[in-house]
Amino acid sequence: MGNMKDMVARIPNLVDWSTGEVRLMSAKCNSCGTYFFPKEHYQHRPGCSREGVEDALLPNKGKLASYTIQHYPCPPPFKTERNITPYGIGLVEFEDEKIQVAGIITDTDLKSLKLGMEMETTTLTMFTNEEKQQVVTWAFRAVKQ
Amino acid sequence: MRDVYIIGTGIHPWEGFSEKVFADFAAVAVNGALKDADMEWKKIQSIMAGIFIYGGNAGHLAGQYLESIFGETGIPVVNVYNACATGSAAIRMAYNSVAAGETDTALAFGADVSPKGFLTAKSDNAVQDRDVIRWKMTAMPNPVYWALECRKRMAKYDTTEQDLAQVKVLMSEYGSKNPDARFKKAYTVDEVMNSVYVCEPLRLFEICPVSTGAAAVILTANKELISKADKPVKINATTMGSSMYGDPTIRISAVSCPAVPEAPMLSESYSASRQAYEKSGIGPQDVDVLELPDNSSWHYLVYLEVCGFCKEGEADKMLRDGETKIGGKLPVNPSGGFSSHGEALSAQAIWQVIECANQLRGRCAERQVENPKVAMAQTYGLMGNSGTTILSI
């Protein structure tokens with residue numbers, strides 16, 4: 001994860017590490033109970049009053065609901081300093097929040113991936129910016145047993 | 001509502017990247033449709049155009065650009081975009097205009113020139129356009145979404161990698177017999193299984209690329225035009241659907257999805273097809289030939305289920321038993337499908353309807369289904385877009 005003080009998310013308001021744990025920045029509608037990610041991806045239940053939407057951090061850990069291994073480089077605007085291909089993409093389920101979130105799989109042997117395995121949210125450094133900050137995205141890795 | 005018939009269809013054959021402009025492709029398709037209908041341009045009373053999103057001002061006003069080629073007559077020209085279901089939207093608007101009696105004869109068309117390389121983000125505003133997030137943060141090209149769903153399917157049912165390959169084998173056999181298809185080589189299971197993984201479990205030959213192509217249909221309620229047309233095809237229903245709350249599918253460009261299903265998967269297509277069944281009084285059991293959106297081998301299987309041609313998890317058996325072959329119980333994609341064509345966004349839904357019409361009119365030569373009376377074209381577009389058209393003769 002590197003030194004968290006020198007990290008900046010490539011797009012703000014998606015991933016938080018201020019609590020010491022890396023967590024996704026979701027929002028919950030207190031009227032229909034739906035969690036959104038990203039926060040602006042409103043997905044209200046039809047008929048919901050849409051009142052009382054508040055920010056909510058997703059838990060750090062979830063379960064792998066699906067995954068793929070991508071074998072060719074993702075085109076721009078995706079950008080990394082080093083070649084990460086082939087890379088894993090996971091769909092991680094946060095059970096209590098009833099939401100699955102997609103993200104790059106990092107720091108994990110791709111051959112060890114199994115549906116249902118426990119994953120934790122982390123960051124992945126994609127490149128370093130002009131201010132020498134590490135520009136990151138959220139990512140998932142297998143929880144070490 | 002009045003009965004509406006397709007009296008003319010035209011296609012510019014599918015191909016790869018082109019230096020030519022989209023309007024030239026559109027003109028070829030429209031010219032073909034006019035000739036097929038044996039009618040003059042001046043009888044077209046409205047134009048519903050699929051927007052070509054990579055064409056800038058011209059592409060966003062595709063209908064006006066097309067009209068000026070054939071001669072401007074002051075008629076209503078409407079341009080529409082619904083992702084890969086754009087052509088469905090154009091046909092539906094043309095149908096509604098004619099069925100309601102607003103106009104007697106309407107043209108629907110779409111033309112798309114493949115951008116070089118990959119489809120990618122079209123803006124840089126991540127708050128307004130969530131598509132930016134998936135490209136910059138999750139590195140998920142479209143096939144990744146299909147692979148994630150395919151993996152779930154393989155865990156839930158007994159879908160195998162051989163099944164996925166077999167879809168391509170069938171599609172390539174039919175594509176090799178279709179002069180309008182872009183890919184005309186027939187493959188064996190081994191050849192497909194030996195193609196490289198793009199995103200596991202999907203291989204290179206099991207996903208479709210982007211293509212260039214154009215398609216046009218002329219719809220009418222004009223009795224004189226219907227009577228002189230070569231085998232007019234009745235439109236029994238043409239509908240569009242959007243997603244339903246709680247659909248568990250991860251939609252292309254989203255980075256999350258519900259974990260607990262409260263609606264069918266691919267609910268936009270569930271919705272479009274059920275509307276069409278209800279409006280037409282025709283059910284899946286009545287369909288003699290089906291064109292479905294095989295963006296990947298996974299789509300081929302799941303669409304048989306989403307549209308009610310079998311129960312969930314039974315599509316693999318239909319495939320293995322040969323039910324979906326030409327000559328089987330339900331011939332699927334005798335055109336060779338997207339697998340043999342590639343996606344030409346605004347044109348592909350119209351091309352699917354044309355294949356259905358051609359099958360009903362007995363024009364498909366080597367890939368002709370035996371004597372079909374009812375055909376169905378099903379489309380799929382990202383972020384909750386789908387269209388269903390049911391035709392009969």
Share (percent) of C-alpha pair distances in the protein assembly as shown greater than 30 Å works out to 49
Exposed-loop cut sites defined as GluC sites (Glu not before Pro) in DSSP loop states with at most 16 other Cβ within 10 angstrom; longest site-free run of chain A spans A:96-129
Fewest-first ordering of B:PHE183, B:PHE17 by Cβ atoms within 10 Å yields B:PHE17, B:PHE183
Computed on Cα atoms only, the convex hull of the range B:152-202 has an orientation-averaged projected area in nm² of 4.0
In nm, the gap between the two label points placed 7 Å beyond Cα toward Cβ at A:SER49 and B:GLN162 is 5.8
For the range B:347-393 the trypsin sites (Lys or Arg not before Pro) that pass both the DSSP coil test and the at-most-10 other-Cβ-within-10 Å test are none
Taking Cα atoms only, helix B:22-37 is inclined relative to the longest principal axis of chain B by an angle, in degrees rounded to 10, of 60
Plugging the Cβ-Cβ distance of B:GLN64 and B:ALA263 into 1/(1 + (r/R0)^6) at R0 = 30 Å yields, to the nearest 0.05, a FRET efficiency of 0.20
Rounded to the nearest 10, the angle in degrees between the Cα long axis of helix B:345-360 and the longest principal axis of the Cα atoms of chain B comes to 80
Partner shielding of A:93-104, as the mean number of partner chain Cβ atoms within 10 Å, equals 5
Compactness check, the range A:1-44: C-alpha Rg relative to the 2.2 N^0.38 Å globular estimate gives 1.38
Given a Förster distance of 51 Å, the FRET efficiency implied by the Cβ-Cβ spacing of B:ASP124 and B:LYS185, rounded to the nearest 0.05, works out to 0.85
Cα-only Rg/Rh for the range B:97-143 with Kirkwood Rh rounds to 1.29
Reduced to Cα centres, the span from the range B:89-126 to the range B:184-205 in Å works out to 31
Taking a ≥ b ≥ c as the square roots of the Cα gyration tensor eigenvalues, with a/c under 1.5 meaning rounded and otherwise prolate when a/b beats b/c or oblate if not, the range A:77-123 comes out oblate
Listed with the fewest Cβ neighbours within 10 Å leading, B:ASP131, B:ASP286 appear as B:ASP286, B:ASP131
Dividing the surface of the Cα convex hull of the range B:1-65 by four yields a projected area in nm² of 5.6
Rounded to the nearest 500, the 222 nm mean residue ellipticity computed for chain B from DSSP H runs (n ≥ 4, each -39500 (n - 2.57)) alone is -10500 deg cm²/dmol
One computes Rg over Rh for chain B from alpha-carbon atoms, with the Kirkwood Rh, and obtains 0.95
Note: probe point = Cα of A:LYS61 + 7 Å toward Cβ; backbone nitrogen < 18 Å; residues of the range A:112-140 passing the test are A:113-123, A:139-140
Loop-resident GluC sites (Glu not before Pro) in the range B:1-99 with no more than 16 other Cβ atoms inside 10 Å, DSSP not H/G/I/E/B, are B:GLU19, B:GLU40, B:GLU72
Semi-axes (Å, rounded, descending) of the ellipsoid equivalent to the range A:4-142 per its C-alpha gyration tensor are 27, 19, 14
In degrees, nearest 10, the alpha-carbon axis of helix B:142-156 is tilted away from the dominant principal axis of the alpha carbons of chain B by 50
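Every number here is computed from the coordinates shown, using simple stated rules; none is lab data. Nothing here was measured: the structure is a model prediction, and the numbers come from that model. Please note: Cβ atoms are built from the backbone with ideal geometry, for glycine as well, and neighbour counts cover all protein chains shown.
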